[in-house]
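Notes follow once the structure below has been shown.
Rule-based calculations on the coordinates, nothing more; no lab input. These figures come from a predicted structure and were not determined experimentally. Here Cβ is always computed from backbone atoms with ideal geometry, including for glycine, and neighbour counts include all displayed protein chains.
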Amino acid sequence: MKQVFLISLFLLVTLTACQSSVEEITGKEVTTADGSYKNITPADLDTMLKNKNLILVNVHIPFAGNLADTDLSIPYDQISAPENLAQLPADKDAKIVLYCRSGRMSEIAATELVSLGYTNIWNLEGGMVAWEQTGREIEK
């Protein structure tokens, strides 16, 4: 009986230690001409959404679905239009996470926002494709 308890305790401690917290997510830094943004995995974004202190933006065109909790849809090639920038937080240090279908459009949008002085930009690497490949759902 003592062995079962010890094994259960060990598994509980191990599983708890393996879970990431939002503070631990650092992403993979991508340097641009004007600064940098961070690429994150679907697992990272899933963790970040549990304590949602970010603006989640779908930049894919044409529309191909949304991740749950998406705040805005702004076409990647129009992200810097005044009417679209007005939808983003005025604080250029606010955490903004971008995604598209495969990751390429969101990389372009991330680079553009960095060039405009935004300092806390995150990109879902691999986009909705990577999200779905990890068993997560897309809202159609």
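What is the fewest-to-most order of L113, L67, L88 by other Cβ atoms lying within 10 Å of their Cβ?
Working: L113 27, L67 22, L88 19.
Going from least to most buried by this count: L88, L67, L113.
Through the Karplus equation 6.51 cos²θ - 1.76 cosθ + 1.60, θ set to phi - 60°, convert the phi angles of the stretch 84-90 into ³J(HN,Hα) values in whole Hz; use x for Gly and Pro.
Along the stretch 84-90, the couplings run 7, 4, 5, 7, 7, x, 5 Hz.
With Cβ to Cβ distances under 13 Å as the rule, what net charge do the other residues near L85 carry (K, R +1; D, E -1)? It would help to have the intermediate numbers written out before the result.
Working: positive: K92; negative: E83, D91, E112.
Result for the neighbourhood of L85: -2.
What aspartates and glutamates could a cross-link reach from K38, if we take a straight Cα to Cα line under 15 Å and drop same-chain neighbours fewer than 8 places away?
Result set, ordered by chain and number: E23, E24, E29, D93, E107, E112, E125.
Distance check, please: which entries in K92/K140; K52/K140; K50/K140 exceed 24 angstrom between their Cα atoms? Walk me through the numbers on the way to the answer.
On the way: K92/K140 30 Å; K52/K140 22 Å; K50/K140 21 Å.
In this structure, K92/K140 exceed 24 Å between Cα atoms.
In units of 2.2 N^0.38 Å, what is the alpha-carbon radius of gyration of the stretch 22-133?
In units of the globular-protein estimate, the stretch 22-133 measures up at 0.95.
What are the ³J(HN,Hα) values, in whole Hz, obtained from phi via the Karplus relation 6.51 cos²θ - 1.76 cosθ + 1.60 with θ = phi - 60°, for each residue of the stretch 63-69 in sequence order, with x given for Gly and Pro?
3, 10, x, 10, 7, 4, 6
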